[in-house]
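Step one of this worksheet: look at the structure below.
The values are calculated or read from the model by the stated rules, or taken from the named source; none is laboratory data. Just so it is clear, the structure is predicted and the values come from calculations on it, not from any experiment. Neighbour counts run over all protein chains shown; Cβ positions are idealised from the backbone, glycine included. Each accessible area value is taken on the protein alone, full model and side chains, heavy atoms only, with ligands, DNA and RNA left out. Shrake-Rupley method; radii C 1.70, N 1.55, O 1.52, S 1.80 Å.
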Amino acid sequence: MDQSVIINTSTIFDYVRPDLLKMEDLIRQQMKESYVDLTNALELLLSSGGKRVRPTITILVGKCLKADYHRIITMAGSIELLHTATLVHDDLIDGSLLRRGSPTLNSKWSAGATVLTGDYLFATAARLSSETASIEALKLFSQTLQTIVNGEVRQMFSPRCLPGREEYYKRIYAKTASLFETSAAVAGIISEAGKETVQALSTFGREIGMAFQIADDILDFTGDESVMGKPKGSDLRQGLITLPTQIFIEDNPHHPVVEKITTSGCISESEDIKGFIQEIIDRNTIEKSYSIADEFIERGINALEILPNTIEKQMLISLVQSQARRNF
């Protein structure tokens, strides 16, 4: 198939919508005997938006490799539940009151109830993954959960305003790319596609996951505050150095705020932060960040060469190309 053909993103999600609806029905079935408030919380989370990119990847790869349909839908549901659980905990940790313009669970419930809901979703995701009857898939799922939690704890206890690309890449792999990696690789495992194909899918998922998080970090500077539910440069305000800031630091080592970051490890005055954020936006750091995301995307797409030339493969390529420079 000609990889130069670009399929519209809406076409992709129209194609997988029946599969995603089956996935959501399967998720709801897991909650039938749950306490009513847990069921209501899940309905709130499922209806709060999101494009379901991760399970879409699982479904498209599975269809491309002609995997057993029920097992792929089951694993897609497990992936989406795991992702949802991480969002519940992330919003609580960050104190976020809005996500995608809607109130977060922790804005309505106590911290304890929010944590327990996230825990319940983690457990439900693990149980659902076990229903694929694949020890290898379950092992990968468990390792991914470990990676995500370890990354979150490491971030919480690491010094604030810690510059360095290596540190940044480790953080976003644990936070985001690890689950993208699993979303792709697990479909190969269930398809019994062989080690070489599974490894290629791991590379694909990891690389596009890195690009996806870089795009998120760019949006932290360029996005609409009313949609994001937080001010521009929110990560920097919390002491997190993301790629746009890192590039600015590398390009402007003698900038007074950069010197403050590299010597004292943080920015104390709010005016410094506000002005610094605007300088990052005004310089060419945003375009440089996009260029690095594009490099990750290219490596990810190249890894797909091992897959058969199907419509699903083309959709995977178009999907990841569209996500690299998204505006929401």
Unit charges on C-beta of K, R, D, E only; dipole of the chain, Debye
540 debye
Between C266 and M156, what FRET efficiency comes out of the Förster formula 1/(1 + (r/R0)^6) with R0 = 22 Å and r the beta carbon distance, rounded to 0.05?
0.90
Net charge contributed by nearby residues that have their C-beta within less than 13 Å of V149 (K/R +1, D/E -1):
-1
In the chain, what percent of the accessible surface is made up of carbon and sulfur (1.4 Å probe, ligands and nucleic acids excluded)?
53 percent
So what's the gap between the Cα centers of segment 291-328 and segment 1-78, to the nearest angstrom?
19 Å
How big is the charge dipole of segment 222-308 about its Cα centre, in debye rounded to the nearest 20, if each Lys and Arg gets +1 on its Cβ and each Asp and Glu gets -1 on its Cβ?
240 debye
Rounded to the nearest 500, the 222 nm mean residue ellipticity computed for the chain from DSSP H runs (n ≥ 4, each -39500 (n - 2.57)) alone is -23000 deg cm²/dmol
Quick one: accessible area per residue over segment 146-197, 1.4 Å probe, rounded to a whole number of Å²?
49 Å²
Calculate, in nm to one decimal, what V36 and K139 gain on full extension: separation in residues at 0.36 nm each, minus their alpha carbon distance.
34.0 nm
Per residue accessible area in Å² of segment 255-295, where ligands, DNA and RNA are left out and the probe is 1.4 Å
54 Å²
Counting Lys +1, Arg +1, Asp -1, Glu -1, what net charge surrounds E24 among other residues with beta carbon under 15 Å of its beta carbon?
+3
Of Y290, L243, I79, whose Cα points farthest to the positive end of the dipole of the chain (charges on the beta-carbon: +1 Lys, Arg; -1 Asp, Glu; origin at the Cα centre)?
I79
Counting Lys and Arg as +1 and Asp and Glu as -1, each charge on the Cβ, what is the dipole of segment 156-247 about the Cα centre in debye, to the nearest 20?
300 debye
Entries of K22/K63; K230/K288; K170/K195; K139/K195; K66/K195; K108/K230 with Cα pairs more than 19 Å apart:
K230/K288; K170/K195
To the nearest 10 degrees, the tilt of helix 111-130 (Cα long axis) against the first principal axis of the alpha carbons of the chain is 40 degrees
Per the beta carbon screen (other Cys under 4.7 Å), unpartnered cysteines of the chain come out as C64
Under a 1.4 Å probe, what is the accessible area of segment 1-84 per residue, stated in Å²?
46 Å²
Residues with amide H under 5 Å from that of R99, placed H, sequence gap 5 or more
T104
Quickly work out the E287-to-A123 label distance, labels modelled 7 Å from Cα along the C-beta direction, and quote it in nm with one decimal.
5.3 nm
With θ set to phi - 60° and the Karplus curve 6.51 cos²θ - 1.76 cosθ + 1.60, what are the ³J(HN,Hα) couplings of segment 157-174 in order, to the nearest whole Hz, using x for Gly and Pro?
9, 7, x, 6, 6, 9, x, x, 5, 4, 4, 4, 5, 4, 5, 6, 5, 5
For Y120, net neighbour charge (Lys/Arg +1, Asp/Glu -1) across residues whose Cβ lies under 11 Å away:
-1
